[in-house]
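Reviewing the structure listed below.
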Amino acid sequence: MKIREFRIEDYPMVRDLWQTAGLILRPGDELEDVKLKLQRDADLFLVAEQDDEILGSVIGGWDGRRGWIYHLAVRPEHQRKGIGIGLVREVERRLVAKGAKKVNAQVYKWNERSSEFFKAIGYDAQPDLIMIGKQLRK
Ligand SMILES: CC(C)(COP(=O)(O)OP(=O)(O)OC[C@H]1O[C@@H](n2cnc3c(N)ncnc32)[C@H](O)[C@@H]1OP(=O)(O)O)[C@@H](O)C(=O)NCCC(=O)NCCS
């Protein structure tokens, strides 16, 4: 298995992976918005590939102050083989190279599997913080 940067032709396979892994897709996951992401820090959007099949993916983000992790997903039949941690560690390495000191991930409260995963690999919940947001466009 190798980890490489996402290419736009991967989009259908990665979208299928997101859905198969149970991620909730948002308007920002449409092709046009993914293209916007690639204009910014394409080197942080990674896939784990084996025999031309995409088994996992992660979208990293760097806003100049914090690193972010979005849409980490591994195909269900390939979970618990170290693919998730491999993707996260590679994003972390790339974020550090850009100057990041901290990386955050947003996890739904109901997604215990994800919070257990992040806890196991060194991430802490931040109960003193709440997430706030506003829709700017559809
Ligand atoms: C969360 C997810 C990406 C983890 O990927 P993965 O490839 O299965 O995880 P790894 O094999 O790298 O696991 C590394 C360690 O994390 C911990 N871990 C992983 N999954 C876990 C689970 N379901 N419960 C508890 N601990 C878990 C374990 O300590 C594991 O090491 P071990 O297998 O040696 O015990 C995967 O379960 C997934 O795609 N879930 C659905 C999508 C999702 O919820 N994504 C997160 C959105 S925020």
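Descriptive notes on the structure:
- Positions within the range 99-132 being assigned to a loop (DSSP other than H, G, I, E, B), more than 19 Å from Gly60 (Cα to Cα) and of a type outside the set (S, T, N, Q), in sequence order: Lys109, Trp110, Pro127, Asp128, Leu129, Ile130, Ile132
- Selection of the range 110-128 for residues being away from the ligand (no atom under 16 Å from the Cβ) and either modelled with pLDDT of 95 or more or open to solvent by less than 100 Å² (accessible area, probe 1.4 Å) (or both) yields only Asp128.
- Qualifying position, being of a type outside the set (A, V, I, L, M, F, W, C) and under 13 Å from the mean Cα position of the chain (by Cα), among Lys81, Lys37: Lys37
- Residues that are without any contact (Cβ under 8 Å) to a residue 12 or more places away in the chain and either within 10 Å of Ile69 (Cβ to Cβ) or under 15 Å from the mean Cα position of the chain (by Cα) (or both), drawn from the range 90-107: Arg93, Val107
- Exclusive hit being open to solvent by less than 60 Å² (accessible area, probe 1.4 Å) and at positive phi, set His78, His71: His71
- Any hit, the range 40-55, residues being more than 12 Å from the chain's Cα centre (by Cα), surrounded by 13 or more Cβ atoms within 10 Å (Cβ to Cβ) and of a type in the set (Lys, Arg): no
The values are calculated or read from the model by the stated rules, or taken from the named source; none is laboratory data. As the structure is a prediction and not an experimental result, all values here were calculated from the model. All Cβ positions, even for glycine, are placed from backbone atoms using ideal geometry, and neighbour counts span all protein chains on display. Just so you know, the surface numbers come from the protein's heavy atoms only, side chains and all, with ligands and any DNA or RNA stripped out. Shrake-Rupley method; radii C 1.70, N 1.55, O 1.52, S 1.80 Å.
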